[in-house]
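The values are calculated or read from the model by the stated rules, or taken from the named source; none is laboratory data. Only a predicted model underlies this, so the values are computations on that prediction, with no experimental measurement involved. Here the Cβ positions follow ideal geometry from the backbone for every residue, glycine too, while neighbour counts run over all protein chains shown.
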(Lines give C-alpha, C1' and ligand atoms only; values in the text may rest on other atoms or scores of the structure.)
Protein backbone atom coordinates (compact mmCIF):
# COMPACT_ATOMS: atom_id res chain seq x y z
CA UNK A 1 0.00 0.00 0.00
CA UNK A 2 1.27 3.43 -0.97
CA UNK A 3 0.99 6.30 1.51
CA UNK A 4 1.04 9.88 0.22
CA UNK A 5 1.10 13.22 2.00
CA UNK A 6 1.95 15.43 -0.96
CA UNK A 7 -0.88 16.13 -3.46
CA UNK A 8 1.47 16.32 -6.45
CA UNK A 9 2.99 12.91 -5.68
CA UNK A 10 -0.44 11.28 -5.38
CA UNK A 11 -1.57 12.97 -8.60
CA UNK A 12 1.49 11.60 -10.44
CA UNK A 13 0.86 8.07 -9.11
CA UNK A 14 -2.80 8.17 -10.15
CA UNK A 15 -1.93 9.56 -13.59
CA UNK A 16 0.54 6.72 -14.14
CA UNK A 17 -2.10 4.15 -13.16
CA UNK A 18 -4.65 5.72 -15.51
CA UNK A 19 -2.15 5.66 -18.39
CA UNK A 20 -2.02 1.89 -17.86
CA UNK A 21 -5.79 1.78 -18.37
CA UNK A 22 -6.67 1.17 -14.75
CA UNK A 23 -9.97 2.29 -13.26
CA UNK A 24 -9.38 4.47 -10.19
CA UNK A 25 -11.77 4.56 -7.23
CA UNK A 26 -11.72 7.17 -4.47
CA UNK A 27 -13.11 6.81 -0.94
CA UNK A 28 -12.97 10.19 0.84
CA UNK A 29 -13.01 9.95 4.66
CA UNK A 30 -12.14 11.98 7.73
CA UNK A 31 -10.50 8.97 9.35
CA UNK A 32 -11.39 7.22 12.62
CA UNK A 33 -12.45 4.42 10.30
CA UNK A 34 -15.18 1.95 11.20
CA UNK A 35 -17.02 -0.83 9.38
CA UNK A 36 -19.09 1.71 7.48
CA UNK A 37 -15.96 3.18 5.91
CA UNK A 38 -14.55 -0.27 5.26
CA UNK A 39 -17.72 -1.20 3.37
CA UNK A 40 -17.03 1.75 1.06
CA UNK A 41 -13.51 0.48 0.39
CA UNK A 42 -14.86 -2.99 -0.39
CA UNK A 43 -17.43 -1.58 -2.78
CA UNK A 44 -14.75 0.49 -4.51
CA UNK A 45 -12.54 -2.58 -4.85
CA UNK A 46 -15.39 -4.46 -6.56
CA UNK A 47 -15.68 -1.72 -9.18
CA UNK A 48 -12.11 -0.48 -9.60
CA UNK A 49 -8.58 -1.65 -10.36
CA UNK A 50 -6.99 0.77 -7.89
CA UNK A 51 -8.55 2.27 -4.75
CA UNK A 52 -7.40 5.48 -3.07
CA UNK A 53 -8.60 6.29 0.45
CA UNK A 54 -8.21 9.86 1.65
CA UNK A 55 -7.99 10.53 5.40
CA UNK A 56 -8.33 14.23 6.13
CA UNK A 57 -10.22 16.07 8.86
CA UNK A 58 -11.21 19.00 6.71
CA UNK A 59 -11.13 22.24 8.71
CA UNK A 60 -13.25 24.23 6.27
CA UNK A 61 -16.39 22.18 6.85
CA UNK A 62 -16.39 22.89 10.59
CA UNK A 63 -17.86 26.07 12.04
CA UNK A 64 -15.82 27.82 14.78
CA UNK A 65 -18.12 26.40 17.49
CA UNK A 66 -17.91 22.81 16.20
CA UNK A 67 -15.65 19.90 17.07
CA UNK A 68 -12.72 20.21 14.65
CA UNK A 69 -10.04 20.03 17.37
CA UNK A 70 -11.83 17.25 19.26
CA UNK A 71 -12.74 15.17 16.20
CA UNK A 72 -11.31 11.66 16.78
CA UNK A 73 -8.09 10.90 14.94
CA UNK A 74 -6.48 7.43 14.80
CA UNK A 75 -4.00 7.57 11.94
CA UNK A 76 -2.03 4.39 12.62
CA UNK A 77 -5.16 2.32 13.22
CA UNK A 78 -6.68 3.75 10.02
CA UNK A 79 -3.63 2.84 7.97
CA UNK A 80 -3.72 -0.72 9.29
CA UNK A 81 -7.41 -1.04 8.40
CA UNK A 82 -6.85 0.32 4.90
CA UNK A 83 -4.03 -2.13 4.33
CA UNK A 84 -6.13 -5.03 5.63
CA UNK A 85 -8.93 -4.08 3.19
CA UNK A 86 -6.51 -3.97 0.26
CA UNK A 87 -6.50 -0.24 -0.45
CA UNK A 88 -3.81 0.61 -2.98
CA UNK A 89 -3.06 4.12 -1.75
CA UNK A 90 -3.88 6.29 1.25
CA UNK A 91 -3.74 10.08 1.09
CA UNK A 92 -2.91 11.78 4.40
CA UNK A 93 -2.47 15.48 3.71
CA UNK A 94 -2.08 18.23 6.27
CA UNK A 95 -4.32 21.30 6.04
CA UNK A 96 -1.39 23.30 4.66
CA UNK A 97 -1.02 20.76 1.84
CA UNK A 98 -4.53 21.54 0.58
CA UNK A 99 -5.11 25.13 1.68
CA UNK A 100 -2.61 27.89 1.03
CA UNK A 101 -2.38 30.42 3.83
CA UNK A 102 -4.13 33.00 1.65
CA UNK A 103 -6.53 30.61 -0.13
CA UNK A 104 -9.57 32.42 -1.48
CA UNK A 105 -11.28 30.11 -3.99
CA UNK A 106 -14.29 28.03 -2.96
CA UNK A 107 -16.69 25.57 -4.55
CA UNK A 108 -20.29 26.05 -3.47
CA UNK A 109 -23.57 24.35 -4.36
CA UNK A 110 -26.33 26.88 -3.76
CA UNK A 111 -29.62 24.96 -3.82
CA UNK A 112 -29.55 21.50 -2.24
CA UNK A 113 -27.03 22.67 0.37
CA UNK A 114 -29.29 25.32 1.88
CA UNK A 115 -31.78 23.13 3.74
CA UNK A 116 -31.58 20.50 6.52
CA UNK A 117 -27.87 20.23 7.43
CA UNK A 118 -27.17 23.40 5.48
CA UNK A 119 -29.73 25.36 7.48
CA UNK A 120 -28.18 24.15 10.74
CA UNK A 121 -24.56 24.50 9.54
CA UNK A 122 -24.50 27.27 6.91
CA UNK A 123 -20.80 26.98 5.92
CA UNK A 124 -20.59 23.19 6.09
CA UNK A 125 -21.28 22.21 2.49
CA UNK A 126 -19.07 24.93 1.05
CA UNK A 127 -16.20 23.27 2.88
CA UNK A 128 -17.33 19.80 1.77
CA UNK A 129 -17.65 20.76 -1.89
CA UNK A 130 -14.31 22.56 -1.90
CA UNK A 131 -12.33 19.71 -0.38
CA UNK A 132 -14.07 17.05 -2.49
CA UNK A 133 -13.39 19.06 -5.66
CA UNK A 134 -9.75 19.25 -4.61
CA UNK A 135 -9.62 15.49 -4.08
CA UNK A 136 -11.25 14.91 -7.47
CA UNK A 137 -8.65 17.13 -9.16
CA UNK A 138 -5.76 15.40 -7.39
CA UNK A 139 -6.89 11.79 -7.87
CA UNK A 140 -8.91 12.10 -11.10
CA UNK A 141 -11.01 9.09 -10.09
CA UNK A 142 -13.43 7.27 -12.35
CA UNK A 143 -15.66 6.38 -9.38
CA UNK A 144 -16.05 7.94 -5.92
CA UNK A 145 -17.90 6.14 -3.13
CA UNK A 146 -19.80 7.90 -0.34
CA UNK A 147 -22.02 6.55 2.43
CA UNK A 148 -25.79 7.02 2.52
CA UNK A 149 -25.64 8.09 6.18
CA UNK A 150 -24.66 11.53 4.86
CA UNK A 151 -27.64 11.49 2.51
CA UNK A 152 -27.69 15.22 1.79
CA UNK A 153 -23.93 15.30 1.27
CA UNK A 154 -24.19 12.69 -1.48
CA UNK A 155 -26.95 14.68 -3.18
CA UNK A 156 -24.91 17.89 -3.01
CA UNK A 157 -21.80 16.19 -4.40
CA UNK A 158 -23.79 14.60 -7.21
CA UNK A 159 -25.15 18.03 -8.13
CA UNK A 160 -21.64 19.51 -8.05
CA UNK A 161 -20.36 16.73 -10.30
CA UNK A 162 -23.23 17.23 -12.74
CA UNK A 163 -23.02 21.00 -12.87
CA UNK A 164 -19.21 21.22 -13.08
CA UNK A 165 -18.89 18.33 -15.54
CA UNK A 166 -16.63 16.15 -13.45
CA UNK A 167 -16.31 12.85 -15.39
CA UNK A 168 -16.88 10.83 -12.21
CA UNK A 169 -19.54 8.33 -11.16
CA UNK A 170 -20.77 8.95 -7.62
CA UNK A 171 -21.78 5.74 -5.85
CA UNK A 172 -24.00 5.91 -2.74
CA UNK A 173 -23.33 2.94 -0.44
CA UNK A 174 -25.90 1.68 2.11
CA UNK A 175 -25.79 2.70 5.76
CA UNK A 176 -23.95 0.21 7.99
CA UNK A 177 -25.48 -0.21 11.44
CA UNK A 178 -24.28 -1.72 14.69
CA UNK A 179 -26.04 -4.83 15.94
CA UNK A 180 -28.44 -2.68 17.98
CA UNK A 181 -29.35 -0.58 14.94
CA UNK A 182 -27.32 2.58 15.62
CA UNK A 183 -25.87 3.95 12.39
CA UNK A 184 -22.07 3.72 12.53
CA UNK A 185 -20.37 7.11 12.87
CA UNK A 186 -16.97 8.33 14.00
CA UNK A 187 -18.81 10.70 16.35
CA UNK A 188 -20.33 7.71 18.18
CA UNK A 189 -17.02 7.71 20.06
CA UNK A 190 -18.33 10.74 21.96
CA UNK A 191 -21.32 8.84 23.38
CA UNK A 192 -21.42 7.87 27.04
CA UNK A 193 -23.02 4.46 27.71
CA UNK A 194 -26.23 6.24 28.77
CA UNK A 195 -26.34 8.49 25.72
CA UNK A 196 -25.55 5.60 23.43
CA UNK A 197 -28.55 3.72 24.78
CA UNK A 198 -30.87 6.67 24.27
CA UNK A 199 -29.35 7.40 20.81
CA UNK A 200 -31.09 4.28 19.57
CA UNK A 201 -34.14 6.53 19.24
CA UNK A 202 -32.81 7.65 15.84
CA UNK A 203 -32.72 4.17 14.35
CA UNK A 204 -36.02 3.39 16.09
CA UNK A 205 -37.62 6.42 14.40
CA UNK A 206 -36.24 5.24 11.07
CA UNK A 207 -37.68 1.73 11.50
CA UNK A 208 -41.03 3.11 12.59
CA UNK A 209 -41.20 5.26 9.44
CA UNK A 210 -40.33 2.28 7.26
CA UNK A 211 -43.01 0.17 8.96
CA UNK A 212 -45.60 2.93 8.62
CA UNK A 213 -45.00 3.30 4.89
CA UNK A 214 -45.06 -0.48 4.46
CA UNK A 215 -48.44 -0.48 6.23
CA UNK A 216 -49.80 2.11 3.82
CA UNK A 217 -49.09 5.46 5.51
CA UNK A 218 -48.48 8.19 2.93
CA UNK A 219 -48.95 11.36 4.99
CA UNK A 220 -45.48 12.89 5.37
CA UNK A 221 -46.58 15.11 8.26
CA UNK A 222 -47.74 12.08 10.25
CA UNK A 223 -44.42 10.30 9.68
CA UNK A 224 -42.49 13.41 10.70
CA UNK A 225 -44.58 13.91 13.84
CA UNK A 226 -44.09 10.29 14.90
CA UNK A 227 -40.32 10.54 14.37
CA UNK A 228 -40.08 13.76 16.41
CA UNK A 229 -42.11 12.18 19.20
CA UNK A 230 -39.77 9.17 19.30
CA UNK A 231 -36.69 11.41 19.48
CA UNK A 232 -38.15 13.72 22.11
CA UNK A 233 -39.37 10.87 24.30
CA UNK A 234 -35.79 9.59 24.51
CA UNK A 235 -34.47 13.00 25.54
CA UNK A 236 -33.04 14.00 22.15
CA UNK A 237 -34.02 17.39 20.71
CA UNK A 238 -34.71 17.12 16.97
CA UNK A 239 -33.07 19.66 14.67
CA UNK A 240 -35.27 18.24 11.95
CA UNK A 241 -37.25 15.15 10.99
CA UNK A 242 -38.24 15.77 7.40
CA UNK A 243 -39.69 13.66 4.60
CA UNK A 244 -38.18 14.75 1.29
CA UNK A 245 -38.06 13.90 -2.36
CA UNK A 246 -34.97 11.69 -2.49
CA UNK A 247 -33.65 13.37 -5.65
CA UNK A 248 -34.35 17.07 -5.08
CA UNK A 249 -34.36 17.09 -1.23
CA UNK A 250 -37.54 19.19 -1.38
CA UNK A 251 -39.94 18.50 1.53
CA UNK A 252 -43.06 16.69 0.35
CA UNK A 253 -46.56 16.18 1.70
CA UNK A 254 -47.21 12.71 0.30
CA UNK A 255 -44.77 9.81 0.40
CA UNK A 256 -44.01 8.21 -2.93
CA UNK A 257 -42.51 4.83 -2.04
CA UNK A 258 -39.10 4.35 -3.58
CA UNK A 259 -38.63 8.06 -4.29
CA UNK A 260 -38.89 9.56 -0.79
CA UNK A 261 -36.65 9.63 2.26
CA UNK A 262 -36.84 10.57 5.93
CA UNK A 263 -33.86 12.57 7.24
CA UNK A 264 -33.24 13.06 10.96
CA UNK A 265 -30.89 15.12 13.11
CA UNK A 266 -31.04 15.38 16.90
CA UNK A 267 -29.03 16.74 19.82
CA UNK A 268 -28.42 15.72 23.43
CA UNK A 269 -25.81 16.87 25.95
CA UNK A 270 -23.80 18.73 23.33
CA UNK A 271 -23.82 15.75 20.95
CA UNK A 272 -25.44 15.70 17.53
CA UNK A 273 -26.28 12.63 15.42
CA UNK A 274 -27.98 12.12 12.06
CA UNK A 275 -29.77 9.21 10.44
CA UNK A 276 -32.01 8.60 7.45
CA UNK A 277 -33.85 6.03 5.43
CA UNK A 278 -35.26 5.68 1.97
CA UNK A 279 -38.98 5.04 2.31
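I'm trying to understand the selection: among the residues of the stretch 236-249, which are out of contact with any strand residue (DSSP E or B) (no Cβ under 6 Å at 6 or more places or on another chain) and over 9 Å from residue 261 (Cβ atoms)?
Selection gives 247, 248.
So if I check each of 125, 136, which one is more than 20 Å from residue 68 (Cα to Cα) and either in the same structural domain as residue 52 (by TED's automatic domain parsing) or modelled with pLDDT of 95 or more (or both)?
After ruling out the rest, the residue left standing is 136.
Out of the residues in the stretch 107-121 meeting the condition of being part of a loop (DSSP other than H, G, I, E, B) and touching a residue at least 40 places away in the same chain (Cβ under 8 Å), tell me which one is surrounded by the most Cβ atoms within 10 Å (Cβ to Cβ). First the steps, then the outcome.
Residues of the stretch 107-121 part of a loop (DSSP other than H, G, I, E, B): 107-111, 115-116, 121.
Applying the additional criterion that residues be touching a residue at least 40 places away in the same chain (Cβ under 8 Å) yields 107, 109, 111, 115-116, 121.
Numbers: 107: 17, 109: 20, 111: 13, 115: 17, 116: 23, 121: 19.
Among residues in the stretch 107-121 that are part of a loop (DSSP other than H, G, I, E, B) and touching a residue at least 40 places away in the same chain (Cβ under 8 Å), the one surrounded by the most Cβ atoms within 10 Å (Cβ to Cβ) is 116.
Looking at (1) surrounded by 15 or more Cβ atoms within 10 Å (Cβ to Cβ); (2) over 30 Å from residue 137 (Cα atoms), which is the only condition residue 189 fails?
(1)
Consider the stretch 51-93. How many of its residues are under 15 Å from residue 39 (Cα atoms) and either crowded, with 18+ Cβ neighbours inside 10 Å or touching a residue at least 12 places away in the same chain (Cβ under 8 Å) (or both)?
Within the stretch 51-93, residues that are under 15 Å from residue 39 (Cα atoms) and either crowded, with 18+ Cβ neighbours inside 10 Å or touching a residue at least 12 places away in the same chain (Cβ under 8 Å) (or both) number 11.
Only one of 125, 146 is within 16 Å of the chain's Cα centre (by Cα), crowded, with 20+ Cβ neighbours inside 10 Å and outside any helix (DSSP H, G or I). Can you tell me which?
146
Among (1) surrounded by 15 or more Cβ atoms within 10 Å (Cβ to Cβ); (2) part of a strand (DSSP E or B), there is one condition residue 224 misses while meeting the rest; what is its number?
Single failed check for residue 224: (2).
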